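Presented below is the structure to which this report refers.
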Amino acid sequence: HELGKDFDAQIYEVENPEFFAGIDVSQDQKYIFVNAQGSITNESWFLPSNRPNDELSLVFPRTRGIEYFPDHHDGKFYVLTNDLHPNFRLISYGVDTLGLENPEEIIPGSDERFLNEGSFFKDFFVLEEQVKGLNEINFYDYTGKRFYSLDFPDEVYSAHLSENYEWDVNKIRYSYSSPKRPPMTMEVEVSTQKKETLKIKEVPNFNHEDYDCKRVWAKGHDGKEIPISLVFKKGSKGPLLLYGYGAYGENIDPSFDDEILPLLDRGFTYAIAHVRGSSTLGRPWYLDGKFFKKKNSFYDFQSAAEYLIQEGYTKEGEICLSGGSAGGLLVCATMNLRPELYKGVIGDVPFVDVVTTMLDKELPLTQMEYEEWGNPEDEAYYKYLKSYSPYDNLEKRDYPHVLLTAGINDPRVTYWEPMKFASRLRKLRTDNGHTLLYTNLGGGHQGPSGRYESLKEVGLQYAFILKIFKK
């Protein structure tokens, strides 16, 4: 669109329902990128930003399972890609050469380091790299030599580059927090490595010295080590809230969450199990928790609970599981494995009717989801999905107390999924436990609109937790 003119020209369209379309711009502002982004595959086109009427040129052709993320510096594209290693490598080639004919490898792929994200500047570039499940922020010159790494004060934490819009800079901003330390905006002067704290979130009546956070490792069913992040008030030992997600390669950072303080101050321990299906331990950690390996996510979550009981962080029957969306699938499928371990389960807009949903192509995201769960029109996938779908695996037995939430306008997890699950659980439950369903009649997948409305749903969940633990 040209400003001041009543005319729009379409330059690109994604017709495949498995992809989203979007645009981006290189850090030096010289190139515009047009992207098609799928679950495990993407494709980028480019044109010079000072010649917006040029034809689009292709960076690399689309190849299933290959992702790449281009930027530009001094006549070269710098591209993070998983073409040769699942944890990504950084390559470079001249803009005029195009394609993967003879790229220069700046940073090779590594089994230990997951190259998560990059930002490119005039005199250096910065990479976020996950190592043993925690983010490093490393500075490189354009030969690929690392000349500086940020250090952080806590055993578990969340650290990410902020939006650094300038091209010719010597100062870089980043964010930092930990489960016991409120979010802060930091700035580092690259030449002197001097840090400055620009802002710290104010949390009334809170002293981070009263709390502790740590990383422990549980042994999984197949010997794999599963990282768990813990936070608790010093000197307290009470019930445990175990949270997880474990899908799409998404990582749940061990960051500060002031919403859990009311639980910590009542003696609860809060734990995040970084199960397979996330990318916490690199891209292979994600690949080992999807398709026909999806059950690894549930086994990992159960192993985390068993480890925390074994090591004395909690007791059998003193755990409440919590997860939302795909995390709702995680907690409800895990509940079906050994329900006696848990006092309660909270499934927030939970994906619990897996087979029926994945067979319905009329739903907006079903075909995109084939790359995560598989297509149940294939008999092998149908049988595997049905073998763990929480709704299809309920049976006549005792269960923990359960609270499910739904949004009437949710296009991702339709409201009838938790409704069907609650109805069936009530019929099959052989104890007197609660099976509660709350449907927000104005909300969607992310909950209700409004600045404070979400706190009411947090309050609902905490009221449930305090009730079942008689707190």
Inset, instruction - Pop a pseudo-label 7 angstrom from the Cα along the beta-carbon direction at both Leu337 and Thr143 and give the gap in nm to one decimal. - result: 4.9
Inset, instruction - Give the cross-link partners of Lys201 among the lysines, using a straight C-alpha distance below 18 Å as the criterion and excluding same-chain residues fewer than 8 apart. - result: Lys180
Inset, instruction - Enumerate the residues in region 306-347 having an amide nitrogen under 15 Å from the point lying 7 Å beyond the Cα of Asn393 toward its Cβ. - result: 327-341
Legend entry - For the chain, the fraction of alpha-carbon pairs in successive 10 Å shells from zero, as %: 4, 18, 27, 26, 18, 7, 1, 0
Legend entry - Residue-span extension gain [Asp151 to Lys295] - 0.36 nm each, minus C-alpha spacing: 48.3 nm
Legend entry - More than 17 angstrom apart: percent of Cα pairs within region 232-312: 51
Legend entry - Percent of Cα pairs exceeding the 20 Å cut-off, where the set is region 336-395: 31
Legend entry - Accessible-area order (highest first, 1.4 angstrom probe) of the listed residues Val203, Val59: Val203, Val59
Inset, instruction - Heads up, I need the accessible area for Glu196: 1.4 angstrom probe, whole protein in place, Å², nearest 10. - result: 100
Inset, instruction - Calculate, for Ile408 and Glu117, the FRET efficiency according to 1/(1 + (r/R0)^6) with r their C-beta to C-beta distance and R0 35 Å; round to the nearest 0.05. - result: 0.45
Legend entry - Accessible solvent surface per residue of region 236-275, calculated while the other protein chains remain in place, 1.4 angstrom probe, Å²: 33
Legend entry - Gyration tensor verdict on region 102-186 (Cα atoms; rounded if a/c is under 1.5, prolate if a/b is larger than b/c, oblate otherwise): oblate
Inset, instruction - Go from 0 up to the bin containing the longest alpha carbon distance in region 324-446, width 5 Å each, and give me the % of pairs per bin. - result: 2, 12, 22, 25, 18, 13, 7, 1
Inset, instruction - Report the label-to-label distance for Val95 and Trp217 in nanometres (one decimal), using points 7 Å from each Cα along the Cα→Cβ vector. - result: 4.6
Legend entry - Within region 252-324, GluC sites (Glu not before Pro) in DSSP loop having at most 11 other beta-carbon neighbours inside 10 Å: Glu311
Legend entry - Area accessible to solvent at Ile11, 1.4 Å probe radius, in Å²: 110
Legend entry - Antiparallel content of DSSP bridges confined to region 374-469, in %, to 5: 10
Legend entry - Interatomic Cα distance distribution for region 158-287, bins of 5 angstrom, percent: 2, 10, 16, 17, 16, 15, 13, 8, 3, 1, 0
Legend entry - Above-threshold pairs, the threshold being 24 Å between Cα atoms, out of Lys315/Lys456; Lys30/Lys132; Lys343/Lys427; Lys295/Lys343; Lys199/Lys237: Lys315/Lys456; Lys30/Lys132; Lys199/Lys237
Inset, instruction - For region 388-464, give the percent of accessible area contributed by carbon and sulfur heavy atoms, probe 1.4 Å, rounded to a whole number. - result: 50
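Within 10 Å of each candidate Cβ there may be at most 14 other Cβ atoms; applying that plus a DSSP loop requirement, which trypsin sites (Lys or Arg not before Pro) in region 145-235 survive?
In loop regions of region 145-235 (DSSP not H, G, I, E or B), the sparsely surrounded trypsin sites (Lys or Arg not before Pro) are Lys145, Lys201, Lys234.
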Legend entry - Solvent accessible area, Å² - Met368, 1.4 Å probe, full protein context: 20
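For region 197-238, which whole-number percentage of the solvent-accessible area (1.4 Å probe, protein heavy atoms only) is attributable to carbon and sulfur atoms?
46
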Inset, instruction - May I ask you to compute the full-extension gain from Asp265 to Arg62, defined as 0.36 nm times their residue separation minus their alpha-carbon distance, rounded to one decimal in nm? - result: 68.0 nm
Legend entry - For region 1-140, the spread of Cα positions along each principal axis, largest first, Å: 53, 37, 30
Inset, instruction - Could you estimate the translational diffusion coefficient of region 247-381 from the Stokes-Einstein equation, with Rh from the Kirkwood formula over C-alpha pairs, at 25 °C and 0.890 mPa s, in whole µm²/s? - result: 154
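The values are calculated or read from the model by the stated rules, or taken from the named source; none is laboratory data. Please read all numbers here as calculations on a predicted model, not as lab measurements. When we count neighbours, we look across all protein chains shown, and the Cβ atoms used for this are built from the backbone with ideal geometry, even at glycine. Ligands, DNA and RNA are stripped out before the accessible areas are found, and what is left, the full protein with its side chains, is counted by its heavy atoms. Shrake-Rupley method; radii C 1.70, N 1.55, O 1.52, S 1.80 Å.
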